[in-house]
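Here the structure comes first, spelled out in structure tokens, and everything after it is commentary.
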Amino acid sequence: MLKLISTLSCCIALLGSPELIADEELRLGMSVALSGPAKDIGQQLRQGADLYFNYANGRANKTHPTISLMVLDDGYEPSRTVVNTRYLIEQHQVMALFGNMGTPTAHAIQAILTHHQLPFLMPFTGADFLRHDTPFPIFNWRASYMDEASEQVTYLVDEQGHKHIALLIQADEFGLTLEKSFRRALAVRGMQPTVIARFRRNSADIKKALQVIMRSEATAVAMIGTYQPLSIFIDKAMHRGFQGTFSGVSFTSSRALFAQLTSKPTLMISEVVPALQACQAELCDLFRTLAHRQGLQPSPQVFEGFLNAAIFTAALKHCPRPITRGCLPGALQQVLTEDKAIRHIFGLTEKENKPRVYRSYFQ
């Protein structure tokens, strides 16, 4: 009986340890929207990650543990992300969270990540609070929202010549962090938003926001939200005679947004991955081949999920066996700075370690 109690105590201590180890199976957890009005984003990220992990696990000469990814649906609601995260830690004993989706959802689980010192790897967000002095292990490779805001202001102001820019903002942490980024990017040019209109997360109720912007002098709208409310906003604005320019960030999901539009706006979406049709790197070829075999429609989000999995798998060779939680963030950074296959995708020079911002245009 004493031996059994001792064994159980050892196992319980291991579950709470930041040095949780993996040898034959490495368990990752992922909380994204698989249902609700933002489901296309989560589904695409999952498809991309599964595509590469299945490929990596199936290789005859693999040297890493089998990678197991458990994906739970949070509907892009922070309270559900909290429940999912606790389950993944306590019941599934994951080594890290991988590819989680959203700024408000990430904001809601900071205390849990800190308590368990759980690595938070490659979240689908560019929020500032996940990039500076986080109290838990983290790894980001995607461009920040400040980078995306700067690219959009370059497009709207420097290239398109707009002087009156409205902000359409999802009213939560996602919207707040990007509002700050846009204000900073505009301030560099001695400008400020002409008007700011907000709408509720997971809602398509943009009626008031539309009225506010249409009554203003705005000739361009920088949009911060997901594809469903933004597509409705664009179509209604165009129907009312708006002839200006629209822009949106990568979180919007360009593929889903473009597919839902019934109008023909001038629209640019900033992206964190290069256009697949122009990418000649080996990993791009592999992605195209595997996606074709699985009948998947390529998109920036599917490709991002694929790259997340490829970067994670490549990092495992930099960790001694058995692999520990503590090794992962440093090993991932080593891939970004040293792995030629990964660097080739982003076209990084010897002095660059930060991927660039790209663009998609509605055609």
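The values are calculated or read from the model by the stated rules, or taken from the named source; none is laboratory data. Nothing here was measured: the structure is a model prediction, and the numbers come from that model. Every residue, glycine among them, receives a Cβ derived from its backbone with ideal geometry; neighbour counts consider all protein chains shown. Only protein heavy atoms, including side chains, enter the accessible area calculation; ligands, DNA and RNA are left aside. Shrake-Rupley method; radii C 1.70, N 1.55, O 1.52, S 1.80 Å.
Based on the reciprocal of the average 1/r between different C-alpha atoms, the Kirkwood radius for region 135-192 equals 12.5 Å. Estimated translational diffusion coefficient (Stokes-Einstein, Kirkwood radius over Cα pairs, 20 °C, 1.002 mPa s) of region 311-363: 171 µm² per second. Calculated [222 nm] ellipticity per residue, helices only, for the chain: -13500 deg cm²/dmol; basis is -39500 (n - 2.57) per DSSP H run with n ≥ 4, divided by all residues, nearest 500.
Taking all protein chains in place and a 1.4 Å probe, what share, in percent, of the accessible surface of the chain do carbon and sulfur account for? It is 51 percent, rounded to a whole number. Expressed to the nearest 5 percent, the antiparallel share of DSSP beta bridges inside the chain is 15 percent.
Among the lysines of the chain, pairs at least eight places apart or on separate chains and with Cα atoms under 29 Å apart come to 29. Excluding ligands, DNA and RNA, the accessible surface per residue across the chain is 44 Å² with a 1.4 Å probe.
In this structure the amide hydrogen of PHE246, modeled in the peptide plane, comes within under 5 Å of the amide hydrogens of VAL221, THR266, LEU267, MET268, none closer than 5 places in sequence on its chain. Work out the P(r) tail for the chain: percent of alpha carbon pairs separated by more than 27 Å, whole number. Beyond 27 Å sits 47 percent of the P(r) for the chain. Can you give the local net charge around SER31? Use residues other than it whose beta-carbon is closer than 11 angstrom to its beta-carbon, Lys and Arg +1, Asp and Glu -1. Neighbourhood net charge equals 0. Enclosing the Cα atoms of region 114-231 in their convex hull gives a volume equal to 111 cubic angstrom per residue.
Out of every Cα-Cα pair in region 41-134, what percent are more than 16 Å apart? Present the calculation step by step, with values, prior to reporting the outcome.
Working: 2513 of 4371 pairs.
Roughly 57 percent, once rounded to a whole number.
Considering every Cα-Cα pair within region 201-253, what fraction, in whole percent, is farther apart than 14 Å? So the portion of pairs separated by more than 14 Å is 49 percent.
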